[in-house]
Amino acid sequence: GLKFVVRKFTGRCELQRICYNNKHGARRTLKIESSMRYSKNELLQSALSVHPDKVEKTIDDIMALKKINPDTNPQLGISLQASLLQIVGYRSLVSEVEKLRREPYDCDNTEHEEMLMKLWKELRPDTPLTGRISKQWCEIGFQGSDPKTDFRGMGLLGLHNLLYFAEHDKATALQMLHDSLQPKHKYVHLFLRLTLNYSFAIVGINITDLAYSLLVSGALKTHLYNVAPEMPSLLHFQQTFCYLMQEFHRFWIEEDPSDIMEFNRVRSKFHRRILRQLKNPDMALCPHFSASDLHLVNL
């Protein structure tokens, strides 16, 4: 077929051409992933789901299969290994995130309760909580007196994300919480109407759902392949959540909705905007987070 002709003409197999013609990151890794997925060779197909510990051996096997001398093509092995680590790392991340999402919040689990209490302390450091079941939870944007009910949709993943945001981007989280509690005054048909902004914690769980859908659909590959030099991790996902929270907050203000009933419309519009951005293979949603504790590299 065509691949055989091109190989004869260039002296390089498809994987070599991809590596030499594309810079490291999503451009290269997405093409390698596609090439392996649609390959007729079982080794290349199965390479996409190998254990991370087996990646180096798998690359050696692929080089041998393609009759490529690693001594004369040292960079090729390094490039293929980096891309394959991103691919299998993404699969592992989807599994890890899915596991957290499926784990329900359990009031009898000390670890769950400690995380929830920590969230309160991070967001309301000067206000003691009067009791575990309390209307005070509404102050940080839960719907009722027991946050447990709000975690049903996203399980522990929602709590993990909210706590990560409150701990690692505290100034932004506190500012968003403050803004979300400020009533807005609007003139509607000559009448002054008071409308509240959104509920902080509920929006956090909702944006967790958005980040989760981007991840499992594969849309987030562009971003993660561009910011994670090798295997994307849960921390990369949580940093992406922080970015989406900040961006949604800005977007909400720009859209200037008349009330909270417009939330789903605004969220859908925001989702579509992020998806459009991720169609660009050079897109990294939050390269400015590279200065954080993860030392991410925007390659």
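Here Ser39 fulfils each of the conditions (1) loosely packed, with under 14 Cβ neighbours inside 10 Å; (2) free of Cβ contacts under 8 Å to residues at least 12 places away in the same chain; (3) among the small types (Gly, Ala, Ser) apart from (1).
Restrict the check to the range 91-103 and report whether at least one residue is more than 30 Å from His24 (Cα to Cα) and either assigned to a loop (DSSP other than H, G, I, E, B) or among the aromatic types (Phe, Trp, Tyr) (or both). Yes.
Contact map, the range 63-81: first residue farther than 20 Å from His51 by Cα and among the charged types (D, E, K, R), second residue in a helix (DSSP H, G or I) and open to solvent by less than 30 Å² (accessible area, probe 1.4 Å), Cβ cut-off under 9 Å, separation 6 or more or different chains; pairs are Lys66/Leu15; Lys66/Gln16.
Scoring Leu80 on the criteria (1) more than 23 Å from the chain's Cα centre (by Cα); (2) open to solvent by 10 Å² or more (accessible area, probe 1.4 Å) leaves a single failure, condition (2).
Sort out which residues of the range 104-115 are in a helix (DSSP H, G or I), surrounded by fewer than 14 Cβ atoms within 10 Å (Cβ to Cβ) and of a type in the set (Asp, Glu), and write them in order of number.
Scanning the range 104-115 gives Glu111, Glu114.
Condition first: aliphatic (A, V, I, L, M) and either open to solvent by less than 40 Å² (accessible area, probe 1.4 Å) or in contact with an Asp or Glu (Cβ under 9 Å, 6 or more places away or on another chain) (or both). Now tell me which residues in the range 56-77 satisfy that.
Ile59, Ile62, Met63, Ile68, Leu76
Can you tell which of Lys148, Lys118 is surrounded by 15 or more Cβ atoms within 10 Å (Cβ to Cβ) and among the charged types (D, E, K, R)? One residue alone meets the criteria, Lys148.
The values are calculated or read from the model by the stated rules, or taken from the named source; none is laboratory data. All figures in this text were calculated on a predicted structure; none of them were measured in a lab. Reconstructed Cβ throughout: ideal geometry from the backbone, glycine too, with neighbour counts over all protein chains shown. Heavy atoms of the whole protein, side chains included, go into the accessibility calculation; ligands, DNA and RNA do not. Shrake-Rupley method; radii C 1.70, N 1.55, O 1.52, S 1.80 Å.
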